[in-house]
Amino acid sequence: MREVAVIGGGMTLFRRRLLETGKELSYLATKMAMEEAGIEKQDIDMVVLGSAPDAFDGIHIKGDNLVDGCAAAGKPYVRVFNGGGTGVFAPIAGWWHVASGVADVALVVCEEKMGSCYPHPQTAFRHIWDPILDRPLNPNLVWLFAMEMNRYMTAHDIKKEDIALVAVKNKRNAVGHPCAQLADPNITVEDVLNSEMMAWPVQRLDISPPSDGASALIYCSKDKARQFTDEPVWVAGTGWTIDSTMWTNRDLYFPQYVANAAKMAYKMAGISNPFKEIDIAEPYDPFDYKELHHMEGLLLCDKGQAPILTREGVTQRDGDLPVCPSGGLLGVGNPIAATMGQKVCELYWQLTGKAGKRQVPGDPRVGVGQAWGDIMQMGTVIVLRK
Amino acid sequence: MAKKQAMPKSAPGTHVSTKDIVNKKIAYTWWEPEVQYSWSVGPAMSRFLEELKNGKIVGRKCRKCRRVIVPPRMFCEHCYGPTDEWVYLKDTGSVETYSISYLDADARRIKEPILVGVVSIDGASPKHGFMHYFGGMKPEELHIGMKVKAVWKPKEEREGSIRDIIYFEPVKKGGRKK
Ligand SMILES: [Zn+2]
């Protein structure tokens, strides 16, 4: 495999609804990444698109619809999709284009427009459930998270106060992120605990918002990297694993599939002690408990220990292991696939010292990003290193 | 060459509020798809749903990994071979996890909460069960590990659906509640 460098990233505003079409959003994010990398459309060999269920924006064969915005017209192009896992899986797919030697320069675009769906994007989530056993019960997607959160809390005797700390940290971290939808410098644990009950134990401020948005990332082979940058960041490892569809046949307290994906990525990156060797983590945080659940899945701590690290301040931006310094999905927003902006672009910006007000102190060198998707079964992991 | 400036350096995109749409401040198009589906449920679920009509929960046994699997399937996803036999399970189980939902399927708020969760079915392998409603108790009584029993629709109203079970209610020591 060839070494692969990240040389540019881009990201649009994340909002409940944006005026621009998906195509236009893809263009805006891609253009920003191209400007950062200092390349033009003709320099890009191949393009990967990540975008989540078609049902959100009601445009099927969405990959085809977005081609022009993705600078892909006339080029090899593929759309990948594994639900919420897409935001890290699309950059994994982009990586293998360059690592394999098939492309020298590859562009990854992630786009989502959830605001088009009425009365609420939740309605589109109805289409993801098993039609035989689940749909007759009229499920809401939040139920899944609530059931997993409850199992996780019960298994380790975790208090909601400790989980709420994650929402507070991430919404505060998002302050200063120019794209952020729900940054809040003054939010407190009490605000989270007093917010509207959605599906116990999930309350309104435990959840990231549905959003419109796009993000982009540009990769380059090692031979060409010096043409474009004198401070490349390398893809050190990638991993992905899916578990069985039968989520009612396993214990939800621990995401074993995330651990398997993490082990694959760490092995490739030569990481044996993730907590010691990783400087920044961007685990997938569509809900506050998910950050903790995923820290454990990423083997950054023992099972049940993530709330303790959080309470002790270890995961703050200036802590020993900053977690979601971007502001995460909870603070910046959750346009599903486009969260590549927080989970992968952010690592690149942090490792190159370009994260501005979000910059983690102390010259971070290694970052791990992770996403989670399909029906509580997909883990996608990437390690970047400078 | 890349410049060392804060990234993302800007946030391109234009926010649209619901008001902008209601007041027709922006141009938009609208479409309401009308589409219907009919799924054949396959051999495993055909038997499972038929047995629900009889007031019974049925699983499949895989002799290789010795799992008794519910919901049943004709092949084992671990051993990747056919499952071997049908096994009648009990209509009792324990609460694996649950939620108390104030949201309906479209995220609309509801006053009376829905009690929902996963029931691990007695007679199946540990942690093997399915999602269903709970009832016959106050929300605060529901807890993980609680023993529950299916409450069935009257036989003549059953139609071969997971909803032939109305919900799972608590099992009290010494027999059914009430
Ligand atoms: Zn088996």
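The values are calculated or read from the model by the stated rules, or taken from the named source; none is laboratory data. Just so it is clear, the model here is predicted, and its values are computed rather than measured. Heads up, the Cβs are rebuilt from the backbone with ideal geometry, glycines too, and the neighbour counts pull from every protein chain shown.
Points worth noting:
- Residues of segment B:34-69 classified as in contact with a helix residue (DSSP H, G or I) (Cβ under 8 Å, 6 or more places away or on another chain), within 15 Å of the ligand (Cβ to nearest atom) and either within 11 Å of another protein chain (Cβ to nearest Cβ) or under 13 Å from A:ILE132 (Cβ atoms) (or both), total: 1
- A Cβ distance below 6 Å, combined with a sequence gap of six or more or placement on separate chains, defines the contacts here; from segment B:87-103, residues that are farther than 14 Å from B:PHE134 by Cβ and at pLDDT below 95 reach residues that are part of a strand (DSSP E or B) and not hydroxyl-bearing (Ser, Thr, Tyr) in the pairs B:LEU103/A:MET198; B:LEU103/A:ALA199.
- Count - residues of segment A:1-33 that are assigned to a helix (DSSP H, G or I), away from every other protein chain (no Cβ under 11 Å) and more than 21 Å from the chain's Cα centre (by Cα): 0
- Elements of type helices (runs of 4 or more DSSP H) in segment A:106-197, at least 1 residues being within 12 Å of chain B (Cβ to nearest Cβ), on the phi > 0 side of the Ramachandran plot and surrounded by fewer than 18 Cβ atoms within 10 Å (Cβ to Cβ): none
- Some residue of segment A:254-264 being touching a residue at least 60 places away in the same chain (Cβ under 8 Å), of a type outside the set (A, V, I, L, M) and buried (at least 22 other Cβ atoms within 10 Å of the Cβ): yes
- When every residue of segment A:343-357 is checked against the conditions, none turns out to be over 27 Å from A:TYR27 (Cβ atoms), assigned to a loop (DSSP other than H, G, I, E, B), modelled with pLDDT of 95 or more and under 18 Å from the mean Cα position of the chain (by Cα).
- Annotation: of all residues in segment B:103-116 being facing another protein chain (nearest Cβ under 8 Å) and crowded, with 21+ Cβ neighbours inside 10 Å, the one that is nearest to the chain's Cα centre (by Cα) is B:VAL116.
- Qualifying residues in segment B:70-89 (those that are within 8 Å of the ligand (Cβ to nearest atom) and assigned to a strand (DSSP E or B)) - the one nearest to A:SER244 (Cα to Cα): B:CYS76
- Residue within segment B:130-150 that is in contact (Cβ under 8 Å) with a residue 60 or more places away in the chain, within 18 Å of the chain's Cα centre (by Cα), within 16 Å of the ligand (Cβ to nearest atom) and facing chain A (nearest Cβ under 8 Å) present: no
- All told, A:ASP251 falls short of being within 14 Å of chain B (Cβ to nearest Cβ), surrounded by fewer than 17 Cβ atoms within 10 Å (Cβ to Cβ) and within 25 Å of A:THR352 (Cβ to Cβ).
- Lone qualifier among B:ASP84, B:ASP91 - being more than 12 Å from chain A (Cβ to nearest Cβ), under 23 Å from A:TRP143 (Cβ atoms) and not β-branched (Val, Ile, Thr): B:ASP91
- Of the criteria (1) crowded, with 19+ Cβ neighbours inside 10 Å; (2) more than 14 Å from every other protein chain (Cβ to nearest Cβ), which one A:SER100 fails: (1)
- Residue satisfying all of: in segment B:1-33; among the β-branched types (Val, Ile, Thr), surrounded by 11 or more Cβ atoms within 10 Å (Cβ to Cβ) and in a loop (DSSP other than H, G, I, E, B); farthest from the other protein chains (Cβ to nearest Cβ) among these: B:ILE26
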